[in-house]
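The values are calculated or read from the model by the stated rules, or taken from the named source; none is laboratory data. Owing to the predicted nature of the structure, the values given are computational and were not obtained by experimental measurement. Here the Cβ is made from the backbone with ideal geometry for all residues, glycine too, and neighbour counts use every protein chain on show. Just so you know, the surface numbers come from the protein's heavy atoms only, side chains and all, with ligands and any DNA or RNA stripped out. Shrake-Rupley method; radii C 1.70, N 1.55, O 1.52, S 1.80 Å.
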Amino acid sequence: MAELSDISQLTIAILGGTGDQGKGLAHRFALAGHRVLIGSRNADRAYAAAAELAIAGTVEGGENAVVAAEADVVIVAVPWEGHAATLSALAGELAGKIVVDCVNPLGFDKQGAYPLTVAEGSAAEQAAALLPRSRVVGAFHHVSAVLLLDPTVASVDLDVLVLGDDREATDLVQALAARIPGVRGVYGGRLRNAHQVEALTANLISINRRYKAHAGFRVTDV
């Protein structure tokens, strides 16, 4: 794996990269000069998403298992409903890698979004339980897919809370977040604190709906 000093050389795979959040992150990391691999259960969908985002040949597509095995860092952006099954099936390919989970377990009803109860405590903790040989970090929970995908937005003005139990891994993911112009990675605690970060997405959705915005968060005095 590339060291933190040459983070620009990291190959990044995004599982669930055909969804808006995954494509948005793929777009921004490709713009930053990374080789990006979009993963999907359906290889044809991954190829199509990669072709849509291709920037100087840095975006490629493939089945989840193929891109997971090839990447240095893997971002999990799959729907919550498929989270456990996807990661369980890829435990071998993800062994030894930094796995960044940005999944928010949310439900929706007539009153809006609300956080779901997760047996392990959070999506990130579920990932850690299913991937004991991986270095799991929680991050990128509150980044607007609309802003990430908008070609007129040069700078995405927000902080990314980074959570994990491995200091080297969280430092690397903080630096990776900063590869997106306007974004700052801020350490947000150990993985056991991921639940409230994931759940806060429900509040952010309410803010965005009320104010017709694509709001993010900034941490002050840091």
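By its C-alpha gyration tensor, with a ≥ b ≥ c as the square roots of the eigenvalues, how is the stretch 169-221 shaped: rounded for a/c under 1.5, else prolate for a/b larger than b/c, else oblate?
Verdict is oblate for the stretch 169-221.
Does the chain come out rounded, prolate or oblate by the C-alpha gyration tensor, with a ≥ b ≥ c the root eigenvalues, rounded set by a/c under 1.5 and, if not, prolate when a/b is larger than b/c and oblate if not?
Rounded shape, in that the Cα axes give a/c under 1.5.
Please find, in a Gaussian network model of the chain (springs between Cα atoms separated by less than 10 Å), the residue of Asp171, Asp157, Asp44 whose mean-square fluctuation is greatest.
Asp44
Cα convex hull of the stretch 1-129: mean projected area in nm², to one decimal?
So the Cα hull casts an average projection of 8.4 nm².
Can you tell me the length gained on complete extension of the stretch Ser206 to Glu63, counting 0.36 nm per residue apart and subtracting the Cα distance?
Length difference between fully extended and current span is 48.1 nm.
How do the peptides 64-70, 147-153 rank, highest first, by the average count of neighbouring beta carbon atoms within 10 Å per residue?
64-70, 147-153
Over the stretch 12-211, what is the relative contact order in whole percent, taking alpha-carbon pairs under 8 Å and six or more residues apart?
19 percent.
Please give the per residue accessible area of the stretch 12-211, computed with a probe of 1.4 Å over protein heavy atoms only, in Å².
Per residue, the stretch 12-211 has an accessible area of 42 Å².
Treating only the Cβ atoms of Lys and Arg (+1) and Asp and Glu (-1) as charged, compute the dipole magnitude of the stretch 12-211 about its Cα centre; round to the nearest 20 debye.
I would put it at about 280 debye.
For the chain, what does -39500 (n - 2.57) per DSSP helix run (n ≥ 4), summed and divided by total residues, give at 222 nm, in deg cm²/dmol to the nearest 500?
So the helix-based figure for the chain works out to -10500 deg cm²/dmol.
With a 1.4 Å probe and every protein chain kept in, tell me what percent of the accessible surface of the stretch 12-211 is carbon plus sulfur.
Answer for the stretch 12-211: carbon and sulfur cover 51 percent of the accessible area.
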